[in-house]
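Structure first, commentary second.
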Amino acid sequence: MKKIYISSESYSKIMTERPLGLTIICIFGFVGAVLTIISGIEMLFALGTTFSGETGGISDNVSGVTGSIIGIVALLISIVSFYAFYGLWNIKKWAWTLTVILEIINIIFDLISLNLAIIIPVIVVIYLWMKRGIFSAK
């Protein structure tokens, strides 16, 4: 039986190449984060000005403030998500941790709202958990 020896440099490169599944998760994550950034900006500016200035009633002002708060939260979460997917793309250990935390939060919100899309963050967490070894190499 012939033994094959791989140098530590070659082994390191093999172990840190980005798997196809991770690439797909990152691409969808980037697209989702960009769309959420756009939605957050829209809610921050469009809803805040439209509802608060139309009739001047109390409920209109509350809707404007609520829309602005939701817009700010959506912007912050999407910026953090984009950064996390950037780290995943580059196979950074901190990105694995951050993405798992964000996806668990997403699962909790999906459970609360009875959202059927809960399957997506569950799949992402399971996949990242199975591939956690490539993140420890970096």
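Contact map, segment 70-90: first residue farther than 20 Å from residue 24 by Cα, second residue surrounded by 15 or more Cβ atoms within 10 Å (Cβ to Cβ) and among the hydrophobic types (A, V, I, L, M, F, W, C), Cβ cut-off under 6 Å, separation 6 or more or different chains; pairs are 70/43; 71/43; 71/44.
Just checking, does segment 82-94 include any residue being under 21 Å from residue 41 (Cβ atoms) and either β-branched (Val, Ile, Thr) or in contact with a strand residue (DSSP E or B) (Cβ under 6 Å, 6 or more places away or on another chain) (or both)? No, there is no match, as no residue in segment 82-94 is under 21 Å from residue 41 (Cβ atoms) and either β-branched (Val, Ile, Thr) or in contact with a strand residue (DSSP E or B) (Cβ under 6 Å, 6 or more places away or on another chain) (or both). The set of residues in segment 71-105 that are aliphatic (A, V, I, L, M), in a helix (DSSP H, G or I) and more than 14 Å from the chain's Cα centre (by Cα) contains only 72. All of (1) modelled with pLDDT of 80 or more; (2) crowded, with 17+ Cβ neighbours inside 10 Å hold for residue 51 with one exception: (1). Scan segment 106-114 and give yes if some residue there is under 13 Å from the mean Cα position of the chain (by Cα), farther than 15 Å from residue 30 by Cα, free of Cβ contacts under 8 Å to residues at least 40 places away in the same chain and crowded, with 16+ Cβ neighbours inside 10 Å, otherwise no. Yes: one or more hits.
Here's the yes/no breakdown for (1) at pLDDT below 75; (2) part of a helix (DSSP H, G or I); (3) not polar (S, T, N, Q):
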site	(1), (2), (3)
23	no, yes, no
30	no, yes, yes
33	no, yes, yes
38	no, yes, yes
55	yes, no, no
62	yes, yes, yes
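The values are calculated or read from the model by the stated rules, or taken from the named source; none is laboratory data. Just so we're clear, the structure is a prediction, and the values are computed from it rather than from any experiment. FYI the Cβ positions are ideal-geometry reconstructions off the backbone, even for glycines, and counts take in every protein chain you see.
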